[in-house]
Amino acid sequence: TRDTRARASLVPAAATMHSAMATCAPAMACTSVARPTRARASKPGRSAGVPGSIDVPTRRRPHTSTRSNALVARAAPKFLIDKLESSTQTHKELTFRLADPDVASDAKEFQKLSKALGELTNVVEQYKRFKECELGIFEAKQMVRDAAGDLEMEEMAREEASTLLAEMDALEEKMTLALLPTDPLDAKNIMLEIRAGTGGDEAGIWAGDLWKMYQRHANNQGWQATIVSQNPADAGGYKEIVVELIGESVYSQLKWEAGVHRVQRVPATESQGRVQTSTATVAVMPEVDEVEVKIDEKDISLTTARSGGAGGQNVNKVETAVDLMHKPTGIRIFCTEERSQMKNRIRAMQILRSRLFELQLEERNKEITGRRKAQVGSGARSEKIRTYNWKDSRVSDHRLGENYPLDSFLNGDVKLAIGACQAMEQREKLEELNAEMNTQI
């Protein structure tokens, strides 16, 4: 029967949710990305030669005429169906758990489960519609059989099947993208560190301009920005500034800003009108809890000093500033922003944890991928991710090979470049997924 055939097309549900299931980021959802394709020749039991599709195992179907075969929907990859079935089952379990009074009374647990449910809802609904399209194609095929030579009815059935096939293709692409692994750090807040690189006084001024750019972007996103530590440069700008950014998906956006930013312009300090090239480095460190990074007190050297500057007699007469050194790594943090020594010590430890976690993350990623480089480098002019050219009024992103208007970029409109970086990462993950599929043949 039709219900039996529909059930036969499903793969048994997996026991647990695949950790990589998540909704596709808005910046990437509008980007057309090709689905992974099989590189090897078709074998018996696999779909053969469907244009623009993934060459994957097909489900068993009874023999039909040549004309009727055109209405048979190709099968989605088994690994995709397995994970979608797993997510559907997990969605049901989460819905059931959220109805539990004990969970509803625990605000933290309820929020955690609600977030997990929300991440699955979109892809589960897409999968439900995918199966409805598959069933609709089967019904159209039955209509062709029952047409008994009625060409008008047969044509209507074929048009309906063609529409459903196109919808299934679009749904399969969206569901494949939903399978791509997400960065578990994407939801974290960050410590943004900007340092003057090569270029003397102009480098410090440029570091200040970069901070203004990110400050405008943070305002546009509704993020909260708090300066944690700063070391002003003599000619303006900063030798170094560390800012805490709190908000939604801060790390997922600004992680693409880590690296060397090069500027080419006539500095305000240049009397001859010559163009100078200077740099500033940007580090993006996800905030971490104490349980994520353990710091031995014996590895810390801490001294205090008077902060000076604004803040009343307390900061000028009492030693509120904290100078912290982590002996194993040589990381040094001087924190003066708070008005009490205790608060500055807490801030300094917070920055230290973020920097140590950044180092651990780099080492881990190098081991996993074997190809990731350190975020910042030495600050040399050649180690650049982006160049800001005043003469041509453009910003060139060297990772993407794309140019953007300088004025809008400096005003904080960096979302286009961030979205392009996300799409680039998406393509790389699809290539890895394609390679994984090929090894399973």
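The values are calculated or read from the model by the stated rules, or taken from the named source; none is laboratory data. Worth saying up front: this structure is predicted, and the values here are computed from it rather than measured. Note that we place each Cβ from the backbone using ideal geometry, even for glycine, and neighbour counts take in every protein chain shown. Ligands, DNA and RNA are stripped out before the accessible areas are found, and what is left, the full protein with its side chains, is counted by its heavy atoms. Shrake-Rupley method; radii C 1.70, N 1.55, O 1.52, S 1.80 Å.
Annotation for LYS298 and GLN360: the two label points, set 7 Å from Cα along the Cα-Cβ direction, are 1.9 nm apart. Rounded to whole Å, give me the distance from the Cα center of the range 209-253 to that of the range 173-202. Their Cα centres are 14 Å away from one another.
FRET efficiency for the ARG216 to GLU155 pair, using the beta carbon distance and R₀ = 56 Å, is estimated at 0.45. The calculated FRET efficiency for the pair ALA148 and GLU428, based on their C-beta separation and a Förster distance of 60 Å, comes to about 0.70. Derived value for the range 199-249: Kirkwood hydrodynamic radius 11.4 Å. Basis is the mean of 1/r over every pair of different alpha-carbon atoms.
Does the range 81-207 classify as rounded, prolate or oblate by the C-alpha gyration tensor (a ≥ b ≥ c root eigenvalues; a/c under 1.5 gives rounded; else a/b over b/c gives prolate, otherwise oblate)?
The shape class here is oblate.
Which of the pairs LYS294/LYS429; LYS128/LYS429; LYS188/LYS212; LYS141/LYS174; LYS115/LYS255; LYS92/LYS255 have their Cα atoms more than 28 Å apart in this structure? LYS294/LYS429; LYS92/LYS255, as the Cα separations exceed 28 Å there.
Ligands, DNA and RNA excluded, the heavy atoms of ARG347 present near 40 Å² of accessible surface to a 1.4 Å solvent probe.
Sorting the segments 96-108, 393-405, 189-201 by their residues' average number of neighbouring beta-carbon atoms within 10 angstrom, most packed first, yields 189-201, 393-405, 96-108.
Rolling a 1.4 Å probe across the protein heavy atoms gives the range 170-247 an accessible surface of 38 Å² per residue.
With R₀ fixed at 56 Å, the C-beta to C-beta distance from ALA166 to THR277 puts the FRET efficiency at about 0.65.
Approximating the spin labels as points 7 Å out from Cα along Cα→Cβ, the ASP392-to-ALA104 distance works out to 6.2 nm.
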